[in-house]
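*Asks:* Questions regarding the structure given below will be posed in turn.
The values are calculated or read from the model by the stated rules, or taken from the named source; none is laboratory data. All figures in this text were calculated on a predicted structure; none of them were measured in a lab. Cβ placement follows ideal geometry from the backbone for every residue including glycine, while neighbour counts extend to all protein chains displayed. Please note that ligands, DNA and RNA were not included when accessible areas were found on the heavy atoms of the full protein model with its side chains. Shrake-Rupley method; radii C 1.70, N 1.55, O 1.52, S 1.80 Å.
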Amino acid sequence: MASIVLSRRSLADIYFGPEGLGSVIVDDRGLYFVSRSGRMAPAFGFDNGTDNIVEGVARIVKDGKVGFVGAQLDQIVAPVWDFAFPFEQRVAQVCVGCVATPIFPGDEHKIMTGGRWGYINKRGKVIVPVVYDSRSLPPPEVAARRAVQ
């Protein structure tokens, strides 16, 4: 895949939020985070835009896998998960084998179903094994206690 380079004029036209990130749509490649310096990362799309930065990180998608970057667009967690929720209490729920399923037939809104779930910390280390179904996964508070041990 060819590198993406934005002109200074294009950068000047981008709105940058409080974390210093903006977003652009790049032809058929999709939505990207962009920093003031022009650094870019493939963004996880959420609510008609890029994912929000939560606890200093945001989700990215590369080759259909989800990972995380920091506010400077440095990779925090490699994109290896089929899905990941944003971090909460220093942990993120991740899954392998889950799929996006419409809430109702034909609905644009989807939920993640199936697969195995667990938790990671901000270094990408699995702290609750990825062996649970979504209903039996311990709550984030349990994972957060393990994250600080």
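*Asks:* For a quick check: with amide H placed at 1.01 Å from N, whose amide H comes under 5 Å from V128's, ignoring anything fewer than 5 positions away on the same chain?
*Replies:* Here the answer is Y119, since their amide H atoms fall under 5 Å of that of V128.
*Asks:* What nm value, rounded to one decimal, do you get for the distance between R146 and I111 when each label is placed 7 Å out toward the C-beta?
*Replies:* In this crude label model, R146 to I111 measures out at 2.3 nm.
*Asks:* Per-residue ellipticity at 222 nm for the chain, helices alone: DSSP H runs ≥ 4 residues times -39500 (n - 2.57), over residue total, nearest 500 deg cm²/dmol?
*Replies:* My calculation for the chain gives -2000 deg cm²/dmol from helical runs alone.
*Asks:* Same structure again: Could you work out what % of the accessible surface of the chain is carbon and sulfur, using a 1.4 angstrom probe and leaving DNA, RNA and ligands out of the count?
*Replies:* 52
*Asks:* Also, I was wondering about something else. Can you give the accessible area per residue of segment 47-108, in Å², using a 1.4 Å probe?
*Replies:* Value returned for segment 47-108: 52 Å² of accessible area per residue.
*Asks:* Could you compute the FRET efficiency for S37 and D63, with r as their C-beta to C-beta distance and R0 at 30 Å, rounded to 0.05?
*Replies:* 0.75
*Asks:* Can I ask one more? For the chain, what log10 I(q)/I(0) values come out of the Debye formula at q = 0.12, 0.21, 0.22 1/Å, with one point per alpha carbon and no solvent?
*Replies:* Computed log10 I(q)/I(0) values: -0.54, -1.30, -1.37.
*Asks:* How much length is gained if the chain between F46 and I4 is pulled fully straight, taking 0.36 nm per residue apart and subtracting their Cα-Cα distance, in nm to one decimal?
*Replies:* Contour length minus the Cα-Cα distance gives 12.9 nm.
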